[in-house]
Amino acid sequence: MCIIDEDMKEIFLNISGIIGKCVIPRNMLDKFYLDYGCFFIHSREKYDFCACVTKDIGKNIKKENSSFVTRLNNRCYISDSELIFWGRHVLEKEFYLEEFRKYFIALISWILHRDKNMILLHASAIEVCGKCILFAGNSNCGKTSIAMNMIKNGATYISNDLTFLYIEDNKVMVLGVPQKITMDKKTYDYCDINYVAEQDINRIYINPSNQFKIKVSAELNAIVLLSKDVKRKDALLERVNFNEAVARLISKIIHSYKWGFKPYCRDYGYFSVLNRVMKCIEKKVLIYYMIWGKNHFVNYNIIMKQIVENEGRI
């Protein structure tokens, strides 16, 4: 990391062999470190992508004409290897969460798909007793609650919200983006945890660094499709076959289109990559359906008993 000027810093990342250069305002550094610090490396002469935040881009007519106005009235230029934000509002407090982070993830997800054949899922992932479990489901289905329940009982944290899947040596692998964990106060209280956290009016933020074990990548052993019933005393966990689960699983894939980032997708075989990953999941990964209830011990115990202990081997 080296200082560019009084207001900016230059940071380099290594995300699964993809090298990125980021030039960001100093006031974003702590937030950026919380989300991507595990990928930080020393400076490199060559890099695969660049993300930059600046107050203006001078007389670069090409980027000006290809940019769009953001919700905060900044301007954004994004291509398949470059992200630039500029404008009067790039230093405001909400800029990082509301604008920069989502387009930064869009750029990363596209490059990892293009160069590493990865797909991005809206899912959390943990590792326990050497078994990696991915929790997927609709928003508010309890991905964070179940993951935190496992972590406070000794599981290793991989990701909370964004998880990449890819094939390596004929195995399904996960690559986590171990960003800081966000939840509302009701969820925080329900999880019955006491980690150091920051809080604003609506959300609670937990920095995983130095609070629990973290791992970035692991072989995937099981997928759990979640539903919740917080009034339920017991928990239901049952095996389902791939054909029953595939539609729900595919619906959790996050494509760069979600954020309006539309590079030359037709050139990179998106559906062939998706097909290879799904076929490997069908052969190698156990899939479960789970309705979890209000008793944390019951939720944890049924996962440990049915997935980790009894059916841990694939």
Problem set entry | Length released on extending from Phe271 to His42, taking residue separation times 0.36 nm less the Cα-Cα span | 78.9 nm
For this session: Can you tell me the FRET efficiency between Glu244 and Ser217 if r is taken as the Cβ-Cβ distance and R0 is 35 Å, rounded to the nearest 0.05?
Result: 0.80
Exercise. Among Val53, Val285, Val230, whose mean-square fluctuation peaks in a Gaussian network model of the chain (Cα, cutoff 10 Å)?
Worked result: Val230
Problem set entry | Furthest towards positive pole of dipole, Gly154, Gly269, Phe164, structure part the chain, Cβ charges | Gly269
For this session: Report the percentage of all Cα-Cα pairs in the chain whose separation exceeds 37 Å, rounded to a whole percent.
Result: 18
Problem set entry | Solvent-accessible area per residue, Å², over the stretch 48-91 with all protein chains present [probe radius 1.4 Å] | 55
Exercise. With the chain treated as a Gaussian network of Cα nodes joined by springs under 10 Å, which of Lys171, Lys284, Lys185 yields the largest mean-square fluctuation?
Worked result: Lys185
Exercise. Where does the chain land at 222 nm, in deg cm²/dmol rounded to the nearest 500, when only DSSP H runs of n ≥ 4 count, each adding -39500 (n - 2.57), divided by all residues?
Worked result: -7000 deg cm²/dmol
Exercise. How much length is gained on full extension from Asp229 to Asn73, taking 0.36 nm per residue of separation minus their Cα-Cα distance?
Worked result: 52.1 nm
Exercise. In whole percent, how big is the carbon plus sulfur part of the accessible area of the chain, probe 1.4 Å, protein atoms only?
Worked result: 46
Problem set entry | Cβ-placed point charges (K, R +1; D, E -1), dipole of the stretch 115-253 about Cα centre in debye, nearest 20 | 260
Seminar exercise, completed: In debye to the nearest 20, the charge dipole size for the stretch 137-184, taken about the Cα centre with +1 at each Lys and Arg Cβ and -1 at each Asp and Glu Cβ, equals 140
Seminar exercise, completed: Given a Förster distance of 41 Å, the FRET efficiency implied by the Cβ-Cβ spacing of Asp200 and Ser251, rounded to the nearest 0.05, works out to 0.85
For this session: Restrict the search to the stretch 85-120; then list the GluC sites (Glu not before Pro) that DSSP places in a loop and that have at most 11 other Cβ atoms within 10 Å of their Cβ.
Result: Glu94
Exercise. Can you tell which of Ile84, Ile11, Ile201 shows the greatest fluctuation in a Gaussian network model of the chain with Cα springs below 10 Å?
Worked result: Ile201
For this session: List the lysines whose Cα lies under 23 Å from the Cα of Lys284, skipping any in the same chain that are fewer than 8 positions away.
Result: Lys116, Lys131, Lys143, Lys171, Lys215, Lys252, Lys305
Exercise. Relative contact order (percent) for the stretch 1-153, with alpha-carbon contacts under 8 angstrom and 6 or more residues of separation?
Worked result: 14
Seminar exercise, completed: Per residue, accessible area of the stretch 151-305 with a 1.4 Å probe, heavy atoms of protein chains only, in Å², comes to 53
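The values are calculated or read from the model by the stated rules, or taken from the named source; none is laboratory data. Being a predicted model, the structure only gives us computed values, none of them experimental. Don't worry about glycine lacking a Cβ; one is built from the backbone with ideal geometry, like all the others, and counts go over all protein chains shown. Please note that ligands, DNA and RNA were not included when accessible areas were found on the heavy atoms of the full protein model with its side chains. Shrake-Rupley method; radii C 1.70, N 1.55, O 1.52, S 1.80 Å.
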